[in-house]
1. Past 20 Å, Cα to Cα: identify those pairs from 115/234; 157/238; 199/223, in the order given.
2. So, by mean Cβ neighbours within 10 angstrom, what's the order for 114-124, 207-217, 130-140, 70-80 with the highest one leading?
3. Send over a whole-number figure in Å² for the accessible area per residue of the chain, probe 1.4 Å.
4. For residue 232 and residue 176, FRET efficiency with R0 = 35 Å and r from the beta-carbon atoms, rounded to 0.05?
5. Using a 1.4 Å probe and ignoring any ligands, DNA or RNA, find the accessible area of residue 94 and quote it in Å² to the nearest 10.
6. For the chain, which whole percent of the accessible surface, found with a 1.4 angstrom probe, sits on carbon and sulfur atoms?
7. Provide the net charge surrounding residue 87, with neighbours chosen by a C-beta distance below 11 Å and charges set as Lys +1, Arg +1, Asp -1, Glu -1.
8. Figure the gain on full extension for residue 197 and residue 29 (residue separation times 0.36 nm, minus the Cα-Cα span) and round it to one decimal in nm.
Amino acid sequence: MRKHVVCATIVSFLAGLSIKSSLASELETKTHYTDEGIAYVELGNSSSDYRLIFIHGSPGSKEGYQDYLADPWLLEHTQLVSVDRMGYGQSPHRLETKISQQSKLLQPLLASDKKNIVIGHSLGGPIALSLALQMPTSVSGLVFVAPAFDPELETPKWYNILADTWLIGLFLNQNWSMSNGEMMTLADELSLLSNQNWKTLEEVPVTLIHGEQDTIADPANSKFAMRHLSGQLKKWVKVEGEGHFILWKNPAKIIAEIRQMIEIMR
């Protein structure tokens, strides 16, 4: 059983690399920068009452959301922002393992005159949550896609420990070196996050979307989040036949959930 799970994880991981590579083309739009040098793109309807902020996982980039940034309905009805987190893409190449600091760096992206909906994939999920906890009156909705929340499920894997050695580290590119650094401290960071007061978000709509065949971020991560979230506006969408890369394999499902959240807010 253990061998089967390990093999499935590796296959999913390699498949994801292929998907990410095919989607990581340059976005044909101007790149903006915050005062801290965080790179982001901004598209869509600037007059809309809704601002969607997309946060990628580990590794990742703002280009990973290009299917969403090109969606006709989202472009017409919302303002779209996709960001390179610290350490990735056109943002400064500096390792930042603290979830609270990663989210703090994204605070300037929240609009004061719009309803901000923050969407996070994988590690982008807890960073989105941290941002909402830091700025609860500025975040109107949260969408978590294949998120990682449970500290007990997110301890370093054998390949993270191996990659953390100086010898293997010599062969890692910048993206994977950054990612592995984040993974080595993730469980501790999630413990800190889980001890915060999530009840401050009980009036905020929260949707968790998780593929039931996710072998990288166990679906039990969403179960953990559902237990910690309070209020009546939380929802867990379980998607049969999808894994960790549902973000790219089934964008229509995720866009439909985003649209549904916007309808609730109207």
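1. Numbers: 115/234 18 Å; 157/238 25 Å; 199/223 16 Å.
Among 115/234; 157/238; 199/223, the Cα-Cα distance tops 20 Å for 157/238.
2. Details: 114-124: 25.3, 207-217: 21.7, 130-140: 18.6, 70-80: 16.9.
Result, highest mean Cβ count within 10 Å first: 114-124, 207-217, 130-140, 70-80.
3. On the way: 12300 Å² over 266 residues.
Ligands and nucleic acids excluded, the result is 46 Å² per residue.
4. Details: r = 41 Å, r/R0 = 1.17.
It comes to 0.30.
5. Its heavy atoms expose roughly 120 Å² to the probe.
6. On the way: 6520 of 12300 Å².
Of all accessible area on the chain, carbon and sulfur atoms account for 53 percent.
7. Values: positive: 85, 94; negative: 84, 96, 182.
So the surrounding residues net to -1.
8. Numbers: separation 168, 0.36 × 168 = 60.48 nm, distance 3.81 nm.
Full extension from residue 197 to residue 29 adds 56.7 nm.
The values are calculated or read from the model by the stated rules, or taken from the named source; none is laboratory data. Small disclaimer: the values here were computed from a predicted structure and weren't measured. All Cβ positions, glycine included, derive from the backbone under ideal geometry; neighbour counts span all protein chains shown. Note: accessible area is taken over every heavy atom of the protein model, side chains too, but ligands, DNA and RNA are not part of it. Shrake-Rupley method; radii C 1.70, N 1.55, O 1.52, S 1.80 Å.
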